[in-house]
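**Student:** Have a look at this one.
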Amino acid sequence: MAVLRPAGDFDRSYAQDMLLLRQPWQRWAMALIVVGVALIPLFGNAYLITTVNRIMYSIVAVQGLNVLTGMTGQISLGQAAFMLVGGYIVALTAQHWGLPIFVTLPLAALGTGVVGLIFGLPSLRVKGFYLAMATLAAQFIIPWLSRHIYPEYLGGSSGRIAVPSPVIFGVTFNQVAQVFYISLAVLVITTILLVNIRRTKLGRSFIAVRDNDLAAEVLGVNPFSVKLRAFFVAAMLAGLAGGLKAISQRSVGTELAYGLNESILLLGMLVIGGLGHNLGPFLGVATIVFLEDLANVTGSTMASLFPAHATNLLTSFRPLFFGLVLMLFLIFEPRGLAHRWEILKATWRMRPFSR
Amino acid sequence: MNWPLVPQQVMTGILNGGTIALIALGIVLIFKASEVYNFAHGHLVMLGAFLTWWFAGAEERGGEIFNLPLWAATLAAVATAILLGLAIERFILRPMTGQPVLAIILVTLGLAQFIEGGASILFGAQPKSNFPTPFSPSDVIRIPFPGAFNDTIILKQSLVASFLVAAVASALFILFFQYTKTGLAMRATAENHEVAQGVGIRVSRIFALSWAIAGTIATVGGVLLATVTGVSLNMATVVLVAFPAVLLGGLESFAGAIVGGLIVGLSQALVQASRNIEVRNSAEIVPYILLLIILIVRPEGLFGQKRIERI
């Protein structure tokens with residue numbers, strides 16, 4: 001996309017041309033945002049800390065989907081199952097081998113990446129709806145396996161195992177307010193990596209395959225290996241997110257929202273935020289989490305108004321609101337909130353000529 | 001394998017497969033007419049069952065508005081489902097015409113979530129066991145079969161009846177598609193939208209009609225499932241096995257959907273005849289394992305046309 005710049009903003013060196021944050025005020029703003037988020041556990045209440053922590057690890061998972069679906073154009077209905085794999089890897093390596101978190105999280109990323117590669121294999125032969133079905137199969141098979149194989153390690157049919165709290169430099173991270181900083185660090189790292197992956201050969205070949213896989217092949221991009229790499233990256237980020245979720249909840253198991261609905265929720269977050277845009281995961285996850293809170297408030301209000309139906313009303317508004325908002329976005333703004341944000345920026349830069 | 005159990009499981013599997021095949025037909029119909037992959041079909045099935053349950057006055061709290069016999073309740077539910085199908089086509093999928101596959105899949109997933117929330121508000125999230133089925137679980141047919149367990153095959157009457165209804169409904173549907181003028185118009189639309197429009201078929205009306213028929217089929221399938229298993233929100237996920245059935249048979253083939261449905265039903269029942277407990281427990285994922293195999297070996301399905309763009 002052509003970047004609109006104010007008059008007088010020139011590049012004088014290649015290094016300057018490659019900068020992500022071009023203006024000093026942008027750097028200050030970014031630093032302020034990160035510091036502001038880092039201060040939340042010191043001043044916020046428990047609810048705010050838990051919610052922001054959940055937003056952060058969900059963003060990591062949605063960033064993975066953004067690489068696969070947004071940049072490469074492959075549909076995945078299995079992201080939540082990959083998060084489950086990551087959670088199990090973090091739990092098992094920490095519990096049985098006593099590895100520190102600096103090792104378990106990267107192991108979770110790599111291990112989940114390999115699982116993602118296996119379920120990405122059908123992408124070599126099929127695409128579109130067929131691929132969605134293959135990943136749907138992953139979404140059913142992985143949780144089933146976790147409930148039925150190696151019950152002594154994976155918790156058996158009750159399917160829940162405890163995750164030991166990580167210890168970093170002698171400090172035990174057993175509060176959400178402490179795990180918060182691990183999530184923040186991971187989110188900062190993945191964001192920097194993903195903003196940059198778009199400017200590498202790999203990122204450009206992702207986009208080439210999405211826009212036209214035949215044309216990409218003619219240009220010398222191997223679509224098969226590119227798709228598999230996209231699956232690998234997406235599953236890696238899902239593994240990281242799953243690891244963070246497991247550490248935050250201090251247990252992992254199929255009953256803790258790793259199902260098909262969670263995968264659909266992640267896809268919906270991506271679409272509402274903006275497919276293929278770096279800001280998409282941030283805007284989408286924040287919107288959906290806000291929407292869920294709204295649904296909870298609506299549910300409890302309705303429950304107090306109609307006490308006879310209270311049990312039906314408390315939880316039902318979440319899928320209702322989510323489905324409605326997802327459909328409205330797809331019909332009226334399929335490019336998501338990030339596109340609106342770009343329009344807003346362009347309007348601001350073009351003033352006073354924009355309307 | 002526990003061989004004496006096999007004849008029993010084969011019969012149960014085929015009978016279960018009949019309902020899956022009927023539900024799969026609805027998915028194929030929508031795909032053929034409008035190239036929409038309807039992930040909300042399972043939720044339409046669930047909603048159809050709930051609507052029938054509600055029209056039959058099975059509400060627990062005594063607040064029932066209707067108290068119809070099962071056949072009338074089914075008809076009322078079908079009428080509601082037809083209206084709903086028309087509304088879905090007009091307000092959700094028509095604005096999406098020409099959008100990429102990803103957006104179409106996502107909009108049906110969003111619709112599925114919406115229906116799930118709506119159904120849970122209207123009818124409650126608890127499973128209902130009081131579906132007004134004409135059969136009790138003890139009504140069974142015993143067929144002597146030497147070599148089977150106790151030398152008899154035991155078939156639940158509800159299962160046999162639902163298979164027969166599914167078979168009749170599928171046959172009626174295929175006859176309609178093959179031998180009526182509307183069916184011919186629908187086939188023409190499936191082949192090519194522009195040419196169909198060119199020879200004077202109202203393509204938008206065909207889309208609406210196919211959603212109305214899909215709503216009908218889903219409701220009938222839901223009622224059949226509910227007579228066997230009862231009504232619950234979980235039905236929508238259980239019915240997702242119709243998708244492996246569709247892909248097994250080939251996305252564009254009605255005969256394939258029926259064969260695929262029977263294969264899925266059979267495989268789910270046959271694993272129950274195993275001696276290994278883990279294999280017996282795998283009934284819920286066997287269709288998906290079959291799906292992965294068919295996607296890798298023969299992506300167009302058993303009866304589908306080789307139209308998939310490879311890469």
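The values are calculated or read from the model by the stated rules, or taken from the named source; none is laboratory data. What you see is a predicted model; the values in this text were computed from it and never measured. Cβ: placed from backbone, ideal geometry, glycine included. Neighbour counts: every protein chain shown.
**Student:** Among what's in the stretch A:159-173 and is assigned to a loop (DSSP other than H, G, I, E, B) and within 27 Å of A:A81 (Cβ to Cβ), pick the residue that is modelled with the lowest pLDDT.
**Tutor:** Out of the qualifying residues, it is A:G159.
**Student:** Quick check: anything in the stretch A:264-273 within 20 Å of B:L106 (Cβ to Cβ) and more than 12 Å from every other protein chain (Cβ to nearest Cβ)?
**Tutor:** Within the stretch A:264-273, one or more residues are within 20 Å of B:L106 (Cβ to Cβ) and more than 12 Å from every other protein chain (Cβ to nearest Cβ).
**Student:** Checking the condition under 22 Å from the mean Cα position of the chain (by Cα) and part of a strand (DSSP E or B), which residue from A:V188, A:V252, A:V226 passes?
**Tutor:** That would be A:V252, the only listed residue that is under 22 Å from the mean Cα position of the chain (by Cα) and part of a strand (DSSP E or B).
**Student:** On the basis of being acidic (D, E) and within 11 Å of chain A (Cβ to nearest Cβ), does B:E116 make the cut?
**Tutor:** Judged against the criteria, B:E116 is a match.
**Student:** While we're looking at this one, here's another question. Please work out which residue is farthest from the other protein chains (Cβ to nearest Cβ), limiting yourself to the stretch B:99-109 and to residues that are assigned to a helix (DSSP H, G or I) and within 15 Å of A:T69 (Cβ to Cβ).
**Tutor:** That would be B:I104.
**Student:** Within the stretch A:310-323, can one find any residue that is within 14 Å of another protein chain (Cβ to nearest Cβ), over 30 Å from A:H339 (Cβ atoms) and in contact (Cβ under 8 Å) with a residue 40 or more places away in the chain?
**Tutor:** no
**Student:** A further question follows. Do any helices (runs of 4 or more DSSP H) lying entirely in the stretch B:6-88 carry at least 1 residues that are touching a strand residue (DSSP E or B) at 6+ places or on another chain (Cβ under 7 Å), and which ones are they?
**Tutor:** Correct list: B:6-34, B:41-55.
**Student:** Given the options B:E300, B:E278, B:E252, name the one that is in contact (Cβ under 8 Å) with a residue 24 or more places away in the chain, farther than 30 Å from B:P95 by Cβ and acidic (D, E).
**Tutor:** Residue meeting the stated conditions: B:E300.
**Student:** For A:V221, work out the one condition from (1) over 23 Å from A:G86 (Cα atoms); (2) assigned to a helix (DSSP H, G or I); (3) within 13 Å of chain B (Cβ to nearest Cβ) it doesn't fulfil.
**Tutor:** The number of the failed condition is (2).
**Student:** Within the stretch A:49-88, which residues are over 17 Å from A:M269 (Cβ atoms), away from chain B (no Cβ under 13 Å) and either in contact with a Pro (Cβ under 9 Å, 6 or more places away or on another chain) or surrounded by 24 or more Cβ atoms within 10 Å (Cβ to Cβ) (or both)?
**Tutor:** Listed by number, the residues that qualify are A:I49, A:L84, A:V85, A:G86, A:G87, A:Y88.
**Student:** Can I ask one more? Quick one: which residue in B:I217, B:I201, B:I213 is β-branched (V, I, T), assigned to a helix (DSSP H, G or I) and more than 30 Å from B:S282 (Cα to Cα)?
**Tutor:** B:I213
**Student:** Quick check, is B:E252 among the acidic types (D, E) and closer than 27 Å to B:K32 by Cα?
**Tutor:** Spelling it out, B:E252 is indeed among the acidic types (D, E) and closer than 27 Å to B:K32 by Cα.
**Student:** Further question on the same structure: Within the stretch B:119-139, count every residue that is more than 7 Å from chain A (Cβ to nearest Cβ), in a helix (DSSP H, G or I) and crowded, with 18+ Cβ neighbours inside 10 Å.
**Tutor:** Result for the stretch B:119-139: 2.
**Student:** Restricting the search to the stretch A:328-355, which residues are within 11 Å of chain B (Cβ to nearest Cβ) and either touching a Phe, Trp or Tyr at 6+ places or on another chain (Cβ under 7 Å) or of a type in the set (D, E, K, R) (or both)?
**Tutor:** Selection gives A:R335 alone.
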